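The values are calculated or read from the model by the stated rules, or taken from the named source; none is laboratory data. Here the structure is a predicted model, which means the values were calculated and not measured. Cβ placement follows ideal geometry from the backbone for every residue including glycine, while neighbour counts extend to all protein chains displayed.
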Amino acid sequence: MSLTKQITSLTKHIASLTKHVISLNKHVTSLTKHIMSLTKHIMSLNKHIMSPTKHITSLTKHIM
């Protein structure tokens, strides 16, 4: 196998690898966005849960 063919083959492999890395990067970015969005929803949900809990605690103090 000539050196030129080896270099061409190597270049093709690198190009293919680069495409895979870019594709993987897109998936990771997308996944990160979903995780961040999910985290926001969980935090929001936590606030909603905490709010009635505070009211109940406050109400309990008044009753006592």
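Kindly establish whether residue 57 is modelled with pLDDT under 95 and of a type in the set (S, T, N, Q). Judged against the criteria, residue 57 is a match. Within the stretch 1-12, the set of residues being of a type outside the set (D, E, K, R) and surrounded by 10 or more Cβ atoms within 10 Å (Cβ to Cβ) comprises 6, 7, 8, 9, 10, 11.
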